[in-house]
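> One structure coming up, written as structure tokens, with questions to follow.
Laboratory data are not the source of any read-out in this text; all were calculated from the coordinates shown. Remember, it's a predicted structure, so these values are computed and weren't measured experimentally. A quick note on method: Cβ atoms are made from the backbone with ideal geometry, for glycine too, and the neighbour counts reach across all protein chains shown.
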Amino acid sequence: MNSIQVNRLGKKFGDTEAVKDVSFNVPEGEIFGFLGPNGAGKTTIINVLCTLMSPSSGSASVNGYDVVNQRNEVRRSVGLVFQESTLDEYLSAEQNLLFHAYAYGVPRDVRLQRMKELLNLVDLWDRRKGKTRTYSGGMKRRLEIVRGLIHHPRVLFLDEPTLGLDPQTRRYIWDYVKDIRKNENLTIFLTTHYMDEAEHCDRIAVIDNGRIVAIDTPERLKDDVGGDLVAIKSSDNENAVKELAESWSLETKVQDDLVIFSVPRGDEFLPEFVRKFKGQLLSINVRRPTLEDVFLKLTGRDIRDEEVDEVTQLKQSFKYRHR
Amino acid sequence: MNEIYRGIWVVAYRELLRFVQERSRMVTSFAFPIMFLVVFGAGFNRIVGPMTEGVDFIQFMYPGILSMTVVMSSMFSGMSIVWDREFGFLKEILVAPISRSGIVLGKALGGSVTAMLQGVILLTLAPFLGIHLTALMVVKYIFLVLLLSLSLSGMGIFVATRMRSQQGFQMVMNLLIFPLIFLSGVFFPVDNVSPWLQMIAKLNPLTYGVDAIRQVFLSGDAGLGVTVMGYKMGIIEDALIIGVLGLSLLSVSVWSFSRQE
């Protein structure tokens, strides 16, 4: 069964089309990621799916409920973590969770047990009485993630869950997210513009300018780039180029003192190549293409071009957090 | 229907929690009215005193100050919507399975209960001003204060749905609050001033709220009961006016909030 079904979804703000004709399905239990630069339309799609915005065209359903006509059913069945902090920082962690439990009508006997279980899961049980304004960025994030789980949602939306956190904290958050998926058996839908994070997903959709340009597992997306990248250095590069063209019919590119080419399976290619190569090899380097290569190939530009936006966004989140 | 009730209760619960946790708000709720009583009481006694025959001017002003405190507190309660929007928490409320009208009514209820609590705290001043409280007075007072603050929090919430920043909200509220309060008979008996001022004061709905609360504490003629077209308003009539005002303000707030967010 599909947890999320999106059919030709479009969203306009005035004259700008933020989301254009987007369709995809997310099967139950999957970690599904939206990868794309800031402003690509990721948050808009999340907002439509969690009923905060209505679509301009097309339709979408979450857990089988229509996001326009069955808003309350959708809301009850999803958990949400927004890009910016949405905690009440003048309340304690416990009070924030209680508020959430009341708002979602979680029964009394479930409420307390669930709170304890979840706070323990993210190692915040001992700090539950502390006001959340005294929490670090990573602690707030963890708290927000489990807050979204109190009412036993079947889909968890995470909008840039690690934005503005340091690399170590980001890794921890991922460990927690994976634990949660295992324990709760839920579907996770997340957006990110960090390439390395997209690797954690079962499937990703690469989104650019409001359109999905590719959708597949990270592995297969990388295969589509054209396999592994091999760089060799030999005592005579000119001959090497010739030999590669003649005996292996490979197209090569010479960059500095390296001869670079790509083969479908680098790991299988290398042993044979080393055995049969007539020249003298000085070094060999094989690397899998990264999602960065994927994004570059699909959109013709580097996702890093957009990083300036991230600084602006960070500044904004600072404004939110320091009052 | 469930989405409305749960919304009202959970939103109001948080407002109260925040109020109880912020001790400074309880202290200021005491300090401000005392300041007014002392400064204005001393300053205006000579001028306004003669208009309030039979009652000490401080005693005349005290119920007015009570209503002023309650009115200000409830009107500013809308601030928490602007605050929540600015700091993100409003999103957490908006995606919960509770209705928009529940959120608005919950904010209004939370705001008016905190205003009522402030009003009740201020009752402790009564003995020092020579006003003897009875249980009936307190019950009537609490009822009127809740009605008044529920109505006026509607005004605060309506403004809040239109404002994106706290500064903006504060500016607009000050612009509204001061004329409303100064022209409401807090500081003078409405029937005994010049006709143009009477006219403005009698168009101001707050006048009737102040008058109702004053009638709870004071008896006798001393500037009590506003005369409208020859008819002397009693507590019930005053309360009706405030109730109608509240119903319309709250409906407008619900409409505006549902449309905007």
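> For A:I207, what residues show an amide H to amide H distance below 5 Å, using hydrogens built from the backbone and excluding near sequence neighbours?
Sorted by chain and number, the residues that satisfy this are A:L35, A:G36, A:V213.
> Is it possible to state the helix-based mean residue ellipticity at 222 nm for chain B, with each DSSP H run of 4+ residues giving -39500 (n - 2.57), the sum divided by total residues, to the nearest 500 deg cm²/dmol? What is it?
After summing the helix terms and dividing by the residues of chain B, the value is -25500 deg cm²/dmol.
> Another question, then. Please give me, ordered by residue number, the GluC sites (Glu not before Pro) of segment A:218-278 that lie in loop per DSSP and have at most 16 other Cβ atoms within 10 Å.
A:E251
> Bin by bin, in steps of 20 Å, what percent of the Cα pairs in chain A do you find, going until the bin that has the longest distance?
Per 20 Å bin, starting at 0, the Cα pair percentages come out as 28, 48, 20, 4.
> How big is the gap, in Å, between the Cα center of segment A:221-265 and the Cα center of segment B:174-206?
89
> In segment A:44-83, whose amide N lies under 13 Å from the spot 7 Å out along Cα-to-Cβ of A:I215? List them in ranges.
Within reach of a label on A:I215: A:59-61.
> Separate question: With springs only between Cα atoms under 10 Å apart, run a GNM on chain A and tell me which of A:T16, A:T132, A:T162 wobbles the most.
Greatest mean-square fluctuation among the candidates belongs to A:T16.
> Sticking with this structure for a sec: Filter the cross-link list A:K11/A:K131; A:K253/A:K276; A:K253/A:K297; A:K20/B:K107; A:K233/A:K297; B:K107/B:K232 down to pairs whose alpha-carbon distance in this structure exceeds 28 Å.
Correct reply: A:K11/A:K131; A:K20/B:K107; B:K107/B:K232.
> Once Lys and Arg get +1 and Asp and Glu get -1 on their Cβ, which of A:T132, A:V68, B:P127 lies farthest toward the positive end of the dipole of the protein assembly as shown?
About the Cα centre, the residue reaching furthest to the positive side is B:P127.
> Within a 10 angstrom radius of each residue's Cβ in A:84-90, how many Cβ atoms of other chains show up on average? Whole number is fine.
6
> Calculate log10 I(q)/I(0) of the protein assembly as shown for q = 0.05, 0.10, 0.11 Å⁻¹, where I(q) comes from the Debye formula with a single equal point scatterer on each Cα and nothing for solvent.
-0.33, -0.91, -1.02
> What does the structure give for B:9-21 when I average, per residue, the other chain Cβ atoms found within 10 Å of the residue Cβ?
Whole-number average of other-chain Cβ neighbours for B:9-21 is 3.
> Report the Rg/Rh value for segment A:92-143, based on alpha-carbon coordinates and the Kirkwood definition of Rh.
With Rg and the Kirkwood Rh in hand, the quotient comes to 0.96.
> Amide H of A:I31: which non-local residues (sequence gap of 5 or more, or other chain) have their own amide H closer than 5 Å, using H built in the peptide plane?
A:I188, A:D202, A:R203
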